[in-house]
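Contents: one structure, followed by commentary.
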Amino acid sequence: MIRLGLHGLGIAAGAQRTVIDAVAAAAERSGFATLWVGEHVVMADESDSHYPYSDDGRIAISAEADWLDPLIALSFAAAATNRIELATGVLLLPEHNPVITAKQAASLDHMTGGRLSLGVGVGWSREEYDALGVPFEGRGRRMAEYVAAMRTLWRDDVASFSGEFVSFDRVRVNPKPRGRSIPIVLGGNSDAALRRAAEWGDGWYGFNLADVEEAAYSASKLRSLCREVGRDPTELRLAVSLQDPVPADAVRLADAGIDELVLVAGPPADPIAAEAWISDLAGQFLRVRA
């Protein structure tokens with residue numbers, strides 16, 4: 001049976017405390033599997049960077065909209081729930097200090113009883129990287145090394161790591177995640193993103209794909225890449241969001257081997273209306289799962 005996720009918190013109305021509480025609790029009651037929250041540290045009014053998830057290359061979200069830090073937003077969602085899983089979708093890891101991120105993620109995972117998955121990606125906005133003083137070039141290599149360093153910190157009681165971008169020697173970072181690690185889900189629809197997922201990811205989040213056919217094609221390509229590097233494709237968790245999903249897509253995605261359909265939509269600003277909105281989505285999509 002395919003799982004149903006919701007990517008709807010942290011932005012605009014979804015950045016309000018009362019709405020986060022209402023949506024998170026209602027999603028858990030209604031049977032949603034995961035709450036996803038994305039990230040941009042900064043937005044630019046005018047950007048020359050190409051947004052890869054729309055036909056016109058522009059992001060639809062206003063630069064003036066509130067956009068919460070994803071780990072903070074998920075902390076509030078976690079406090080309003082007990083079981084539903086939590087995921088960043090995605091955190092732009094090359095923009096962050098990996099030691100601090102490892103600490104923050106482990107703290108949230110520890111406090112929620114192991115409910116966190118860390119979705120990570122390289123991002124697309126050169127203006128954002130410039131504002132943070134991080135080189136835009138080489139961000140794929142940087143992310144891979146950061147993940148390796150974070151996994152070392154989560155796994156080892158006394159951790160050492162030496163790389164191109166990060167080094168530390170005989171340090172302790174506690175608490176540890178509940179399972180001594182946190183699943184790393186790779187975001188992005190490009191061939192490079194799929195290869196990263198195949199080589200060292202625990203899952204893949206395909207965002208704003210055109211339709212079921214594109215999702216199935218990308219999943220098939222990812223499985224082939226896994227076999228090329230000697231990995232069992234069934235080890236990876238596959239989640240996708242579609243541009244205009246309909247309930248029947250859940251069945252077709254399950255047939256294509258997709259584990260989770262993520263609905264991307266913003267909640268109403270009124271908490272009571274937001275609860276009704278969740279109930280309506282659940283009624284539409286959960287009743288047709290295969």
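For the range 59-207, give me the percentage of DSSP beta bridges that are antiparallel, rounded to the nearest 5 percent. Present the calculation step by step, with values, prior to reporting the outcome.
Numbers: 3 of 13 bridges.
Counting only bridges with both partners in the range 59-207, antiparallel ones make up about 25 percent.
Please give the Cα centre distance for the range 1-47 versus the range 61-100, rounded to the nearest Å.
Between the Cα centre of the range 1-47 and that of the range 61-100, the gap is 9 Å.
FRET efficiency for residue 137 and residue 235, Cβ-Cβ distance as r, R0 = 30 Å, nearest 0.05?
After rounding, the FRET efficiency stands at 0.45.
DSSP loop GluC sites (Glu not before Pro) in the range 10-61 with at most 14 other Cβ atoms within 10 Å of their Cβ, which ones?
46
Apply the Karplus curve 6.51 cos²θ - 1.76 cosθ + 1.60, θ = phi - 60°, to the phi angles in the range 97-109 and return the couplings in whole Hz, x for Gly and Pro.
With coefficients 6.51, -1.76 and 1.60, one gets 5, x, 5, 5, 5, 4, 5, 5, 5, 5, 5, 5, 5 Hz.
Provide 180, 196, 155, 29 ordered by accessible surface of protein heavy atoms (probe 1.4 Å), highest first. Could the numbers behind the result be given before it?
Numbers: 180 95, 196 50, 155 125, 29 160 Å².
Heavy-atom accessible area, descending, gives 29, 155, 180, 196.
Looking at the range 3-289, what % of its DSSP beta bridges pair antiparallel, to the nearest 5?
Numbers: 4 of 33 bridges.
DSSP beta bridges in the range 3-289 are roughly 10 percent antiparallel.
Where a ≥ b ≥ c are the square roots of the eigenvalues of the C-alpha gyration tensor, would you call the range 150-255 rounded, which needs a/c under 1.5, or, failing that, prolate if a/b is larger than b/c, or oblate?
Prolate shape, in that a/c is at least 1.5 and a/b is the bigger ratio.
Amide H to amide H under 5 Å from residue 264: which residues, 5+ apart in sequence or cross-chain, H placed 1.01 Å off N in plane?
Under 5 Å from the amide H of residue 264: 7, 242.
When N is the residue count of the range 77-213, what does its C-alpha Rg come to as a fraction of 2.2 N^0.38 Å?
1.07
Can you list the residues, at least 5 places off or on another chain, whose amide H is less than 5 Å from the amide H of residue 90, using H built in the peptide plane?
Here the answer is 39, since their amide H atoms fall under 5 Å of that of residue 90.
Work out, in µm²/s and without decimals, the Stokes-Einstein translational diffusion coefficient of the range 123-165 at 25 °C, 0.890 mPa s, Rh from Kirkwood over C-alpha pairs.
Approximately 210 µm²/s, per Stokes-Einstein.
Evaluate the charge dipole of the chain about its Cα centre and quote only its size in Debye, nearest 20, assuming +1 on the Cβ of each Lys and Arg and -1 on the Cβ of each Asp and Glu.
For the chain, the charge dipole is close to 1380 debye.
Simple spin-label model, 7 Å along Cα-to-Cβ: residue 279 to residue 54 in nm?
Inter-label distance under the simple model: 3.3 nm.
If you roll a 1.4 angstrom probe over the protein chains with everything in place, what fraction of the accessible area of the chain belongs to carbon and sulfur, to the nearest %?
That share works out to 49 percent.
Through the Karplus equation 6.51 cos²θ - 1.76 cosθ + 1.60, θ set to phi - 60°, convert the phi angles of the range 90-96 into ³J(HN,Hα) values in whole Hz; use x for Gly and Pro.
Result, ordered by residue: 10, 8, 8, 4, x, 7, 10 Hz.
Along the three principal axes, how long is the chain when you take its alpha carbons, biggest first, rounded to the nearest angstrom?
52, 42, 41
Please calculate how many Å² of accessible area the chain carries per residue, with a 1.4 Å probe and no DNA, RNA or ligand atoms counted.
44
List, in order, the whole-Hz ³J(HN,Hα) value for each residue of the range 233-246 obtained from phi through the Karplus relation with A = 6.51, B = -1.76, C = 1.60 and θ = phi - 60°; use x for Gly and Pro.
Calculated HN-Hα couplings, in order: x, 6, 6, 8, 8, 10, 10, 9, 10, 10, 5, 9, x, 10 Hz.
The values are calculated or read from the model by the stated rules, or taken from the named source; none is laboratory data. In this text the structure is predicted, and so the values were computed from the model without any measurement. Every residue, glycine as well, gets a Cβ built from its backbone with ideal geometry; the counts of neighbours run over all protein chains shown. When the accessible area is computed, the model is the full protein with side chains, heavy atoms only, and any ligands, DNA or RNA have been set aside. Shrake-Rupley method; radii C 1.70, N 1.55, O 1.52, S 1.80 Å.
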